[in-house]
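Student: The structure that follows is given in the form of structure tokens.
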Amino acid sequence: GAGKSSLFTALLRLTEPELGTTMELDGMDLMTIGLHRLRQGAITIIPQTPVVFSGSVRFNVDPYGMSEDEAIWKMLEDVSPRLAQAIRTRKGGLDSACGRNGALFSHGQRQIIVVARALLLKGTAVYLLDEATSSLDDHTDQEVERAIEQYGHGATVIKVAHRVSTVLNCDRIAVIDDGSIVEIGTPEMLRTSGGIFDRMCRHSML
């Protein structure tokens, strides 16, 4: 009920805001551009619930067929070397089937495939991460975070995080309650403020 999902829904215009609302990205009003350009170029979302289609690994990582095999493999290896190795040796390579709705992969593996698909898109200005690594163990979470930092360089990354530690490398943190920002600032500032985020960090034993 904090309003995080509503923010993402508004940015992607899945629900149109009230008449007269403006949302600007690099000086461009998002209300004035086409939805295709908005959702396939300007903004890319990595959701908490992974969507994997009944097709090959190749199709799920590169659904538009825009990348060479080498680029697909590199992305998989950068996001999760363990999954890339499993696809090479046990799954049958990029043309191996994912099963119905990705049933041949675990929930965590499907999440990694979704992250790789998002990061392989070129020219994204904003990445929306809706608890994108909540299904992953700490080691894989760190691998994915490094890949996001590498491939998302120069883009704005907005994270809704399951782990407090996931947002500590962000430039700014906003604590949202009931649709309003109640705290905002750098991680260093908020961790010593005695406020809500400071208490969250102490509770998490960071």
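The values are calculated or read from the model by the stated rules, or taken from the named source; none is laboratory data. Just so you know, these numbers come straight off a predicted model, no measurement behind them. Quick reminder, even Gly has a Cβ in these numbers, built from the backbone with ideal geometry, and neighbours come from all protein chains shown. Side chains included, ligands, DNA and RNA excluded: accessible areas come from the protein's heavy atoms. Shrake-Rupley method; radii C 1.70, N 1.55, O 1.52, S 1.80 Å.
Student: For the range 92-137, enumerate the residues that are acidic (D, E) and either out of contact with any strand residue (DSSP E or B) (no Cβ under 9 Å at 6 or more places or on another chain) or without any contact (Cβ under 8 Å) to a residue 24 or more places away in the chain (or both).
Tutor: Within the range 92-137, just D137 meets the criteria.
Student: Still on this structure, please answer the following. Might you let me know whether the range 139-150 holds any residue that is open to solvent by 30 Å² or more (accessible area, probe 1.4 Å), touching a Phe, Trp or Tyr at 6+ places or on another chain (Cβ under 7 Å) and under 30 Å from R117 (Cβ atoms)?
Tutor: So far as the range 139-150 goes, no, none of its residues is open to solvent by 30 Å² or more (accessible area, probe 1.4 Å), touching a Phe, Trp or Tyr at 6+ places or on another chain (Cβ under 7 Å) and under 30 Å from R117 (Cβ atoms).
Student: Looking only at the range 151-162, which residues are open to solvent by 20 Å² or more (accessible area, probe 1.4 Å), within 21 Å of P81 (Cβ to Cβ) and touching a residue at least 24 places away in the same chain (Cβ under 8 Å)?
Tutor: Within the range 151-162, just Y151 meets the criteria.
Student: Taking the condition of being loosely packed, with under 15 Cβ neighbours inside 10 Å and of a type in the set (A, V, I, L, M), how many residues in the range 51-66 meet it?
Tutor: Result for the range 51-66: 2.
Student: List the number of the failed condition for Q48; all other conditions in (1) closer than 30 Å to C98 by Cα; (2) touching a helix residue (DSSP H, G or I) at 6+ places or on another chain (Cβ under 9 Å); (3) open to solvent by less than 50 Å² (accessible area, probe 1.4 Å); (4) modelled with pLDDT under 90 hold.
Tutor: (3)
Student: Within the set of pairs 6+ apart or on separate chains, which have a first residue in the range 1-30 that is basic (K, R) and modelled with pLDDT of 80 or more, a second that is surrounded by 10 or more Cβ atoms within 10 Å (Cβ to Cβ) and outside any helix (DSSP H, G or I), and C-beta atoms under 9 Å apart?
Tutor: R13/M23
Student: Additional query: Report, by residue number, each residue of the range 1-41 that is of a type in the set (S, T, Y) and closer than 15 Å to I158 by Cβ.
Tutor: Scanning the range 1-41 gives S5, S6, T9.
Student: Run E77 past the list (1) modelled with pLDDT under 85; (2) of a type in the set (D, E, K, R); (3) assigned to a helix (DSSP H, G or I) and report the number of the one that doesn't hold.
Tutor: Going through the list (1) modelled with pLDDT under 85; (2) of a type in the set (D, E, K, R); (3) assigned to a helix (DSSP H, G or I), E77 breaks only (1).
Student: Looking only at the range 1-22, count every residue that is over 18 Å from D178 (Cβ atoms), open to solvent by less than 40 Å² (accessible area, probe 1.4 Å) and in contact with a strand residue (DSSP E or B) (Cβ under 7 Å, 6 or more places away or on another chain) and tell me the total.
Tutor: Within the range 1-22, residues that are over 18 Å from D178 (Cβ atoms), open to solvent by less than 40 Å² (accessible area, probe 1.4 Å) and in contact with a strand residue (DSSP E or B) (Cβ under 7 Å, 6 or more places away or on another chain) number 2.
Student: On to the next question. For the range 31-58, how many residues are aliphatic (A, V, I, L, M) and touching a strand residue (DSSP E or B) at 6+ places or on another chain (Cβ under 7 Å)?
Tutor: 4
Student: Still on this structure, please answer the following. Using the structure shown, decide if D198 is among the acidic types (D, E) and in contact (Cβ under 8 Å) with a residue 40 or more places away in the chain.
Tutor: no
Student: Turning to a different aspect of this structure: For residues that are in contact (Cβ under 8 Å) with a residue 12 or more places away in the chain, over 20 Å from E149 (Cα atoms) and exposed (fewer than 15 other Cβ atoms within 10 Å of the Cβ), tally how many sit in the range 67-85.
Tutor: Qualifying residue count, the range 67-85: 1.
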